[in-house]
Amino acid sequence: MLAKSLFVAAALALGTHALAQGTFPERPVRIVVPFTPGGNADIVARIAADGMTRILGQPVVVDNQPGGRHIPASLMVSRAQPDGYTLLQAGSVMSVNASLYRLPYDPLRDFAPVGMVGATPPVLAAWAGLPANNVAELIALARARPDSLHVATAGSGSPAHLGGELLNSMAGIRLVHVPYKATAQGNTDTVTGRVQLTFPAAASVNGFLKSGKLKALGVAGLRRSPQLPEVPAIAETLPGYEINIWNSVFTTAGVPVAIIRRLNDAVNRGIALPDIRARLVSSGLDVEPGTPEALGAYLENEIRKWSRLIRERGIKPDED
């Protein structure tokens with residue numbers, strides 16, 4: 001009887017595994033995007049969803065849920081049925097929020113990593129009239145004129161804010177954080193010289209860089225970016241300096257492993273399709289497929305990194 005029971009249990013387990021792999025998905029999959037339609041992150045999500053749709057054979061539908069520093073959208077996915085039909089576009093904000101806010105969920109416990117889509121390092125862009133043409137000259141200028149150089153940001157904990165604070169910490173300088181409600185407004189004020197520095201995604205200021213209205217002092221990745229190969233990495237002056245605006249896919253904790261593998265395969269194969277990859281690259285993304293385990297380790301490392309800087313610099317959330 002025991003042998004028969006074990007046989008039945010094993011058969012059921014194998015059947016469930018085969019069902020998860022063979023029939024998922026049987027209906028459209030939703031990817032919750034915590035951004036407004038039309039922005040760069042939304043565009044990346046829609047391109048990736050297109051690739052996943054082709055691989056899965058079911059629509060991957062984008063559901064924009066902006067606002068609240070991405071917390072409401074993340075909470076929605078954390079509480080979804082663990083069946084793999086609800087996904088979250090997650091990235092840099094997920095790792096920063098873990099230290100900046102008291103969250104109604106745990107980023108490491110309540111989500112399951114699916115796969116990385118890609119990342120792009122911000123570019124340290126400066127007002128064309130700034131008397132510094134590279135990072136070393138900027139550091140010298142900031143040391144000579146403490147508290148006189150301003151960094152336009154999209155608010156506390158944004159990539160531009162953290163970029164400036166990381167520069168302050170590693171170079172021993174005092175750049176001043178100037179928060180804006182929108183990145184575009186900060187970029188415009190940097191063009192006019194109202195502020196001197198900003199840290200946007202290169203794609204968002206490419207026109208300003210080409211026209212000479214802004215100049216690129218460095219890119220924030222460990223290596224030079226394929227988008228701006230002539231611009232040195234900040235790490236060439238400050239070894240170890242790195243910020244990435246990354247895009248990835250997570251789902252609800254408890255989703256069966258077989259379904260997560262199926263979704264990871266859809267992400268990786270989808271973003272490798274030639275036209276999908278070309279569209280992602282043209283949006284400024286360095287495409288970086290990988291495993292769920294690698295994404296989980298990356299998130300843990302990002303949380304550790306930014307929590308250390310947030311504590312050290314005394315960074316607080318924006319007041320409502």
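If each DSSP helix of 4+ residues adds -39,500 (n - 2.57) and the sum is divided by the residues in the chain, what number results at 222 nm, nearest 500 deg cm²/dmol? Don't skip to the answer; put the middle values down first.
Details: 11 runs with 146 residues, N = 320.
Mean residue ellipticity, 222 nm, calculated: -14500 deg cm²/dmol.
Take SER169, project a point 7 Å from its Cα along the Cβ direction, then tell me which residues of the range 226-246 have their backbone nitrogen under 18 Å from it. The answer is 234-246.
Hydrodynamic estimate: the Kirkwood radius of the range 181-233 over Cα pairs, inserted into Stokes-Einstein at 4 °C and 1.567 mPa s, corresponds to D of 112 µm²/s. Look at the alpha carbon pairs under 8 Å that are at least 6 residues apart: their mean separation over the length of the range 84-193 gives a relative contact order of 25 percent. Any chance you could check the Cα centroid distance between the range 99-153 and the range 289-304 for me, in angstrom? Each part's Cα centre sits 20 Å from the other's. For the chain, the carbon plus sulfur part of the accessible surface works out to 56%, probe radius 1.4 Å.
Here the contact order of the chain, divided by its residue count and restricted to Cα pairs under 8 Å and six or more residues apart, works out to 27 percent.
With helices defined as uninterrupted DSSP H runs, which ones in the chain have an alpha carbon span along their own long axis of at least 18 Å and mean Kyte-Doolittle hydropathy of at least -1.0? Numbers along the way, then the final one.
Values: long enough: 2-23 (31 Å, 1.14); 40-56 (24 Å, 0.59); 257-272 (22 Å, 0.42); 292-313 (32 Å, -0.93).
The answer, listed by residue number, is 2-23, 40-56, 257-272, 292-313.
Sorted largest first, the principal axis extents computed over the alpha-carbon atoms of the chain equal 83, 40, 35 Å. Projecting label points 7 angstrom from Cα along Cα→Cβ for VAL61 and ARG109 puts them 3.2 nm apart. For ALA297 and TYR101, the FRET efficiency from 1/(1 + (r/R0)^6), where r spans their Cβ atoms and R0 equals 25 Å, is about 0.65.
For ARG79 and ASN206, what does the FRET efficiency come to when R0 = 41 Å and r is the distance between their Cβ atoms, rounded to the nearest 0.05?
Numbers: r = 39 Å, r/R0 = 0.95.
Calculated value: 0.55.
The values are calculated or read from the model by the stated rules, or taken from the named source; none is laboratory data. Please read these numbers as outputs of a predicted model, since none were measured by experiment. Heads up, the Cβs are rebuilt from the backbone with ideal geometry, glycines too, and the neighbour counts pull from every protein chain shown. The protein model used for the area step is the full one, side chains on, heavy atoms only, and it has no ligands, DNA or RNA in it. Shrake-Rupley method; radii C 1.70, N 1.55, O 1.52, S 1.80 Å.
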